[in-house]
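Chemist: First the structure, which I've put down as structure tokens, then a few questions once you've had a look.
The values are calculated or read from the model by the stated rules, or taken from the named source; none is laboratory data. In this text the structure is predicted, and so the values were computed from the model without any measurement. Every residue, glycine among them, receives a Cβ derived from its backbone with ideal geometry; neighbour counts consider all protein chains shown. Areas reflect the complete protein model, heavy atoms only, side chains present, ligands, DNA and RNA absent. Shrake-Rupley method; radii C 1.70, N 1.55, O 1.52, S 1.80 Å.
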Amino acid sequence: MKRTLSVLILFALALSRVVAAEPNTLTAKEKSAGWKLLFDGKSLNGWKSSENPGSFSVEAGTLVVFGKRSHLFYTGPVANANFKNFELQLDIKTFPKANSGVYFHTEYQETGWPSKGYEVQVNNTHKDVKKGAGLYAIKDNLEAPAKDGEWYTMRIKVEGKHAQTFVNGKEIIDYTEEPNVVRPDNMKGRLISNGTFAIQGHDPESRVLFRNIKVRVLP
């Protein structure tokens, strides 16, 4: 009887892991905790591209970022695409020479690099010394947090003026923006405020995959 019970428990645990691993879905626990999906794994519904929209596509449940410079902005219904305090989580896979980024507190911009908000770097082996999960040009990370060709999970948490980044549960950046901070002219909009998210297509040699893009709005 005890052996049968143990087998059933192990089977239930294995099944729960399979359910939790289903891409682009939320578990009952995540739903009750307030998580919302931003990417359905099937289309770009709820997202709007800037220049060169061909740099973004959906294949086999993943968002493929590959092509000329472009940015994909979240414009969907969750929080009316206007976030202040939040946790954002994404699964990411990079390839050699890949460079990308995830912006927060930004706004739609037709061309160029987004001038509003912070960029969280996505880079493991690109020649840029600023590596993944750093707050680009504000508080950089100089050590690759993951490996090319392997899925990893990046989480961004912002509460008030406090921003943290994590890769596979390990904290990479812990940063608090000082009151009345003054930025250089080319980064005046790089402030913690409010806004939407954007995913960066950096250059034609950068291929990056994203899935399980989800957010939890915090008080």
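Chemist: Using just the helices of the chain, give the 222 nm mean residue ellipticity in deg cm²/dmol: DSSP H runs with n ≥ 4 each add -39,500 (n - 2.57), and the total is spread over all residues, rounded to 500.
Modeler: -3500 deg cm²/dmol
Chemist: From the Cα gyration tensor of segment 38-156, with a ≥ b ≥ c the square roots of its eigenvalues, which class applies: rounded if a/c is under 1.5, or else prolate if a/b is larger than b/c, or else oblate?
Modeler: Rounded, since a/c falls under 1.5.
Chemist: Which of the three applies to segment 23-73, rounded, prolate or oblate, going by the alpha-carbon gyration tensor with a ≥ b ≥ c and a/c under 1.5 meaning rounded?
Modeler: Taking the square roots of the gyration eigenvalues as a ≥ b ≥ c, segment 23-73 is prolate.
Chemist: Kindly identify segment 169-219 as rounded, prolate or oblate by the Cα gyration tensor criterion: order the square roots of the eigenvalues as a ≥ b ≥ c, call it rounded if a/c is under 1.5, otherwise compare a/b with b/c, prolate if a/b is larger, else oblate.
Modeler: oblate
Chemist: Note down the relative contact order for segment 54-98 as a percent, whole number, built from C-alpha pairs under 8 angstrom at least six residues apart.
Modeler: 22
Chemist: Of the peptides 177-184, 203-210, how do they stack up when ordered by the mean number of other Cβ atoms within 10 Å, highest first?
Modeler: Output ranking for 177-184, 203-210: 203-210, 177-184.
Chemist: Residues of the chain: accessible area per residue at 1.4 Å, in Å²?
Modeler: Accessible surface, normalised per residue, equals 52 Å².
Chemist: At a threshold of 8 angstrom on Cα-Cα distance, excluding pairs fewer than six apart, so keeping six or more, what relative contact order does the chain reach in percent?
Modeler: 29
Chemist: Using a Förster radius of 22 Å, what is the FRET efficiency between LYS161 and ALA79 based on their Cβ-Cβ separation? Nearest 0.05, please.
Modeler: 0.70
Chemist: Give the separation of the Cα centroids, segment 148-206 to segment 76-128, in Å.
Modeler: 7
Chemist: Now for a separate question. Taking 0.36 nm per residue of sequence separation and subtracting the Cα-Cα distance, how much length would be gained by fully extending the chain between ALA28 and GLU171, in nm to one decimal?
Modeler: Difference between extended and current length: 48.9 nm.
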